[in-house]
1. Run the helix sum for the chain: -39,500 (n - 2.57) per DSSP H stretch of 4+ residues, divided by residue count, reported at 222 nm to the nearest 500 deg cm²/dmol.
2. Any chance you could give the angle, 0 to 90 degrees and rounded to 10, that helix 9-46 forms with the longest Cα principal axis of the chain?
3. Counting other C-beta atoms within 10 Å, which of 47, 40 has the fewest, and how do the rest follow?
4. Mind pulling the per residue volume of the convex hull built on the Cα atoms of the chain? Å³ is fine.
5. Between residue 2 and residue 29, what FRET efficiency comes out of the Förster formula 1/(1 + (r/R0)^6) with R0 = 30 Å and r the beta carbon distance, rounded to 0.05?
């Protein structure tokens, strides 16, 4: 019956910024998880 009001421009920009930060953090986490076995192996060779 009643549709919610569309978000304001400021709210949209804040949501887009939050989404951008979340995607960057997810990519960084994937890279770290991919590299972690190599880092562990390298450290084990040092010891």
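Just so it is clear, none of the values below were taken in a lab; they were calculated from the coordinates. Keep in mind it's a predicted model, so treat the numbers as computed, not measured. When we count neighbours, we look across all protein chains shown, and the Cβ atoms used for this are built from the backbone with ideal geometry, even at glycine.
1. Computed ellipticity for the chain at 222 nm equals -30000 deg cm²/dmol.
2. Taking the Cα atoms of the chain, the angle to 9-46 is about 10 degrees.
3. 47, 40
4. In the chain, the Cα hull volume divided by residue count equals 87 Å³.
5. So, using R0 = 30 Å, E works out to roughly 0.15.
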